[in-house]
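Written out below as structure tokens is the structure these notes cover.
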Amino acid sequence: QSDVEFEEYTDPEMTELARVFNQYRKQVEQLAYYDPVFNVGNRPKYLRDANILISYDKKRHFSLFVVDICSFSQYNELFSVDVGDEILHEVVLRLSPLFGSHLYRINGDVFLGISLSGEDLEHLAARLQEILTRPIQAGNGSLQIQVRIAACESPAHGGSPKILLDCVQSAL
């Protein structure tokens with residue numbers, strides 16, 4: 001439960017224990033909800049965040065985008081895992097301004113973003129395509145990646161985080 005907070009007490013030992021518990025809770029939450037390499041949310045964090053958005057307002061409109069790097073394993077095989085990680089770091093840097101804290105790495109080279117902007121799906125998908133197909137500096141060179149992008153909308157395409165995720169992955 002992420003809203004658990006241990007308060008300060010008059011007893012200094014209890015206050016110290018509360019501080020340690022709070023620090024431990026934050027570390028556990030970091031491990032449970034964030035990708036350890038790229039420091040973006042993971043699939044469980046998406047499910048939690050989307051559930052909060054939906055439960056707060058069932059009619060709330062938001063868009064869900066999934067971005068898959070085409071043939072990503074070839075970069076790891078041809079160059080190295082380090083070059084692959086550089087590519088993924090750059091993708092995270094490029095996606096972060098559009099999705100902020102609603103960016104998730106849900107599988108290897110597959111990223112998911114929630115947009116609350118209300119921007120037209122096709123327009124935002126075109127912007128994503130443009131920013132992700134610019135050359136990436138990785139290793140000793142510049143690489144051009146290709147991506148597949150799919151999108152869906154809530155509540156039009158589903159009323160739960162799992163249904164929306166299934167919908168956008170099917171579209172991909």
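Filtered by the rule that a residue be open to solvent by 60 Å² or more (accessible area, probe 1.4 Å) and either of a type in the set (D, E, K, R) or free of Cβ contacts under 8 Å to residues at least 40 places away in the same chain (or both), the stretch 133-144 gives 134, 135, 140, 142, 144. In the set 56, 75, 104, only one residue is more than 15 Å from residue 136 (Cβ to Cβ), crowded, with 21+ Cβ neighbours inside 10 Å and either at pLDDT 95 or above or of a type in the set (Phe, Trp, Tyr) (or both); that residue is 104. Only residues that are more than 19 Å from residue 167 (Cα to Cα) and either in a strand (DSSP E or B) or in contact with a helix residue (DSSP H, G or I) (Cβ under 8 Å, 6 or more places away or on another chain) (or both) were counted across the stretch 40-72, and they come to 3.
Restricting to the stretch 107-132, count the residues that are in a strand (DSSP E or B) and either of a type in the set (Val, Ile, Thr) or surrounded by fewer than 21 Cβ atoms within 10 Å (Cβ to Cβ) (or both). Talk me through it step by step, then tell me what you get.
At the first step, the residues of the stretch 107-132 found to be in a strand (DSSP E or B) are 107, 110-115.
From what is left, the residues that are either of a type in the set (Val, Ile, Thr) or surrounded by fewer than 21 Cβ atoms within 10 Å (Cβ to Cβ) (or both) are 107, 110, 114-115.
Counting residues in the stretch 107-132 that are in a strand (DSSP E or B) and either of a type in the set (Val, Ile, Thr) or surrounded by fewer than 21 Cβ atoms within 10 Å (Cβ to Cβ) (or both) gives 4.
Evaluation of residue 142 against the conditions (1) in a strand (DSSP E or B); (2) under 24 Å from residue 32 (Cα atoms); (3) of a type in the set (S, T, N, Q) shows that the sole unmet condition is (2). Checking each residue in the stretch 145-154 for being surrounded by fewer than 16 Cβ atoms within 10 Å (Cβ to Cβ) and not in a strand (DSSP E or B) picks out only 146. Contact map, the stretch 159-171: first residue open to solvent by 60 Å² or more (accessible area, probe 1.4 Å), second residue modelled with pLDDT of 95 or more and among the β-branched types (Val, Ile, Thr), Cβ cut-off under 7 Å, separation 6 or more or different chains; pairs are 169/66.
Within the stretch 78-101, restricting attention to residues that are among the polar types (S, T, N, Q) and within 11 Å of the chain's Cα centre (by Cα), the residue that is farthest from residue 139 (Cα to Cα) is 101.
The values are calculated or read from the model by the stated rules, or taken from the named source; none is laboratory data. Note that the structure is a prediction, hence the values are computed from the model and not measured. No Cβ is skipped: glycine too gets one built from the backbone with ideal geometry, and neighbour counts run over all protein chains shown. SASA here: full protein model, heavy atoms, side chains in, ligands and nucleic acids out. Shrake-Rupley method; radii C 1.70, N 1.55, O 1.52, S 1.80 Å.
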